[in-house]
Every structure is written in structure tokens, then in C-alpha cells.
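Okay, structure first, notes after.
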Number of protein chains: 2
Amino acid sequence: MDVIEVVGFDGDDTLWHSEHLFADAHERVATLLAPHVERGVLERRMHEVERANLALFGYGIKGFTLSLIETAIELTEGAVTASEIGELLTLGKTMLAHPVDLLDGVTDVLAEVAMTRRLVLITKGDLLHQESKIARSGLAERFEQIEIVVDKDEQTYRRIIAATGTPPERFAMVGNSLRSDVLPVVAAGGHGVLIPYEFVAEHEKVDDADPARDGYRELESISGLPAALDALDELG
Amino acid sequence: MDVIEVVGFDGDDTLWHSEHLFADAHERVATLLAPHVERGVLERRMHEVERANLALFGYGIKGFTLSLIETAIELTEGAVTASEIGELLTLGKTMLAHPVDLLDGVTDVLAEVAMTRRLVLITKGDLLHQESKIARSGLAERFEQIEIVVDKDEQTYRRIIAATGTPPERFAMVGNSLRSDVLPVVAAGGHGVLIPYEFVAEHEKVDDADPARDGYRELESISGLPAALDALDELG
């Protein structure tokens, strides 16, 4: 019998690439502002401003772009030109319009997992942009439920798991963020499967975690997921 | 018997003030850019840029702020200063942090309607900002369901009405926008109650509508709602 009945998937950097856009944007901003600001100072201040604005702006590219503009004005003490700020605006728009690139193996793995389990998509960030990416991903039909949430904490997962009608021990969440996809799911009584991505957003970093101690599994890529779910079934 | 079993409420400018913040912001931008741009030109171009960016940015203050910055750079041909753009950023942040002001009578009317009917809140825009306003409104507990959506079209209402388990003819939607709160609900087989607000956003304007012809009711203020719902019951 399948113990794991419902599998939740994160979107950004689990099913499709996202964080590289932010990393590329930091790169381009550094180049753009090189005449004004020293690189290390800029990097540090960009992260500080993004973090400080998170409660007001939330996750997503529009807030990120506003934070970039704020950082540029502040660090150049007003010397940044309107045309340079215009380039930051264009950068944000380009990020929003960027095509959805699926990670390797995603399509096949979802098809395989969907043969024996129910899938839900649980993503956070900007409502319009997430809906647009889901639509453009071509994966929407795979999921019986799609949840776009403000924050992925234990309470969020308890609500979503309850809505599936499945006990938490039969629910597994797959994602690239320990803080958002794994630890709160384990705390809610479910299973967490971590698939790290090349880049980790500053606000998603966790200082210290260990699969054995913190009760989750870690995979190198999504291609190992069907076997990992089978292994969880065996334990059940 | 109550024919109207479920009542949907819009949030912005139906339960709490919102559009006046955008109107005030336009006012302040006009003052700020008065040395650079003629007022009428600015007003027209602000609306055009907001409309052009709607598909990419969606509704909400972050996208509005980015559009203001874009308009300012474009219309001044880059002469706007970084410090003036910084003021536009601050304006956006002030709007996001603005206290939630309920419209007159809202608390009492919701309490009265909730005695005999089920209430749902259906609002559109930025997920984080809408959730924050709902929490700060103190009204969240009144609603059995809260839906924050990208766009309020007929299909959206069909889905939400179906989820309530009520036939459309027993559902009434209350809001200030003909385009978003009334006409698509009537098209979905429900009832629409329009309560116009002092300001109408450009993108919500409808050229020509008539309660009798288009099958909705119009009230001057929310205080008339209990009687209007009773009148719908009588017709049923």
C-alpha cells in the first residue's frame, strides 16, 4: 500500500528555475552601479534592504525591483541617474516576463508520481506572477489543488494538509527550501524531501540542519523522487 | 425563507477605503513633478502606463509605484532626480502601510447580515497586502471563506459560488465596481448589488450600464443592504 498518498511540490527552484533570475539581476545591478558603489558594499546593502522591506512587500519581483531602486538611490546618495533607475525598472519587467524554464526531469517525474499519488502545488509569492508561471509551465493539470500563499509556515501546511483529507503522516512535501518546504512540514507531522538548488535566497537560509536529526530526506535531483517516496512507503 | 443564502463582499472601497489613496498619490505626484511636467499630460500618461503594465504587474500598490516611477522618468526625459524618485518610493510604502479605514456602517451591517446569511469575502490584488488589510480590518472572523483572486470574471464567480454549495440564484455579491463585482456575477446567474464609491479606478470604469436592463440593484450606501437583501428574498 502507498503510505504517501499526497505529495506537495514547491514551484520556484523546485519545478522551474527562479532564483538564478535574482542572482543575474544582482550581477547586472552591480555592473550598472559600478561607477557609483563598491561591489561588496552594494551586495550587502541589497540584501539588507530586501530583508527590511519583506514585511511590507512580500516575496516577488515587484518588491525586489522597488528594493533595488531604493538601494541604488541610497548608496549613491542620489547620484544615480533617472536613466539608470529606468534600467532597473526594465530589469524587473524582463524578470517578470521571463519564460518558465522547467528543471531537468520535472515533467517525467510528475507524470510517474501522479500515477499512484495525488499532487498539490504549494507556492508563495506574488499571486499574478505565480499564476502566470503555473499556466506557462504546462504543469497545472497535474495538480488537484494549487495553493499560492503569503508564507509557508507550520500553520499553512496544517491547513492545506487538512484540506486534502489526508492524515499528515501520509503527506510528503518536496522543495528546495529547508525553511519553507521541509522543516514546517515535518513540524506539522508530514514528511519533507529537500532537493537543494544551486542558489539559495538569503531569506531562505537556515544555519544548521541535518536530515537524520531534523527528520527529512535530501535528494540531489528530482529524478530520485519516485524511489524516495517508495522508500517512505516501506517505512510506513 | 431566505432566498439569498450567501452574500459575497468586495473589500477595497466596499468595506474599507482604498481608491482615495491612489487619488491622493496622483495628487502628490503632480505636485512633485510640477517643475517638470504639465498636469494634464502627467495625469493622462500615468493612466496609460498603469494600464499598459496591468498584465505584467496586476493590481496593487507595488505595481502602481513602479508605474509612477516609469512615468516620471519618461515624461521628464530623465530629468527627474533620484531624490524625487525616492519620494515616489516612500509614497508607495506609505500607501502600503496605511491604516485600514472601514466605510461608515460596515461593522453593523455585516453583523446584521451575518445573523441570517453566510458571508464570503472576494477581493483582488496583491496577496500579502490584501491579507494584511483583512487582518487589520478586524472583519476576518465574519467570513466563512476569503478568496483573494487575480481577476474577478464570470469564471471566478462560478468557481467560488460552486465552492459555497449554493445555487447561483441564492448568491448575491456586493461591491463598488460594476465591472468586477456586479456584471460578471449577474452573468454567472447570481445577484449583484452595486454601492458606488466616490472614486472609480480608471480600469474599473464601464461606459454604460443600467440596473433594470443589466439586472442588478444600486444602493447609495451599505446601510441599505439588509433591506435590499430582504427585497431579493421576497422576489425569490
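Being buried (at least 16 other Cβ atoms within 10 Å of the Cβ) and either touching a strand residue (DSSP E or B) at 6+ places or on another chain (Cβ under 7 Å) or closer than 17 Å to A:ILE222 by Cα (or both) is the filter here; which residues of region A:186-199 pass it?
A:VAL186, A:GLY190, A:HIS191, A:GLY192, A:VAL193, A:LEU194, A:ILE195, A:TYR197, A:PHE199 - these are the residues of region A:186-199 that are buried (at least 16 other Cβ atoms within 10 Å of the Cβ) and either touching a strand residue (DSSP E or B) at 6+ places or on another chain (Cβ under 7 Å) or closer than 17 Å to A:ILE222 by Cα (or both).
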Could you grab the pairs with beta carbons closer than 7 Å, sequence gap of 6+ or different chains, first residue in region A:62-75 and within 21 Å of A:GLN130 (Cα to Cα), second one surrounded by 23 or more Cβ atoms within 10 Å (Cβ to Cβ) and among the polar types (S, T, N, Q)? A:LEU66/B:THR65
Can you tell me which residues in region A:52-81 are within 14 Å of A:VAL41 (Cα to Cα) and either open to solvent by less than 40 Å² (accessible area, probe 1.4 Å) or in a helix (DSSP H, G or I) (or both)? A:LEU68, A:THR71, A:ALA72, A:ILE73, A:GLU74, A:LEU75, A:THR76
Residues of region B:153-162 being within 17 Å of B:ASP10 (Cβ to Cβ) and open to solvent by less than 80 Å² (accessible area, probe 1.4 Å), in sequence order, are B:ASP153, B:GLU154, B:THR156, B:TYR157, B:ILE160, B:ILE161
If we scan region A:207-226, do we find a residue that is in contact with a strand residue (DSSP E or B) (Cβ under 7 Å, 6 or more places away or on another chain), open to solvent by less than 10 Å² (accessible area, probe 1.4 Å) and touching a residue at least 60 places away in the same chain (Cβ under 8 Å)? yes
Whether any residue in region A:28-36 is open to solvent by 10 Å² or more (accessible area, probe 1.4 Å), touching a residue at least 40 places away in the same chain (Cβ under 8 Å), more than 9 Å from chain B (Cβ to nearest Cβ) and of a type in the set (Lys, Arg) is what I want to check. yes
Within region B:91-139, restricting to residues that are within 14 Å of another protein chain (Cβ to nearest Cβ) and under 14 Å from B:GLY8 (Cα atoms), the one that is most open to solvent (accessible area, probe 1.4 Å) is B:LYS124
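Of the residues A:LEU119, A:LEU128, which single one is of a type in the set (A, V, I, L, M, F, W, C) and within 25 Å of A:PHE199 (Cα to Cα)?
A:LEU128
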In region B:113-139, the residues that are touching a Ser or Thr at 6+ places or on another chain (Cβ under 7 Å) and assigned to a helix (DSSP H, G or I): B:GLN130
Report the residue count in region A:140-178 for those that are among the β-branched types (Val, Ile, Thr) and in contact (Cβ under 8 Å) with a residue 40 or more places away in the chain. 6
Taking B:ASP12, is it away from chain A (no Cβ under 14 Å), open to solvent by 10 Å² or more (accessible area, probe 1.4 Å) and under 26 Å from B:THR164 (Cα atoms)? yes
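The values are calculated or read from the model by the stated rules, or taken from the named source; none is laboratory data. These numbers were taken from a predicted model, which means no experiment stands behind them. Quick reminder, even Gly has a Cβ in these numbers, built from the backbone with ideal geometry, and neighbours come from all protein chains shown. Surface accessibility is based on the protein's heavy atoms, side chains included, excluding ligands, DNA and RNA. Shrake-Rupley method; radii C 1.70, N 1.55, O 1.52, S 1.80 Å.
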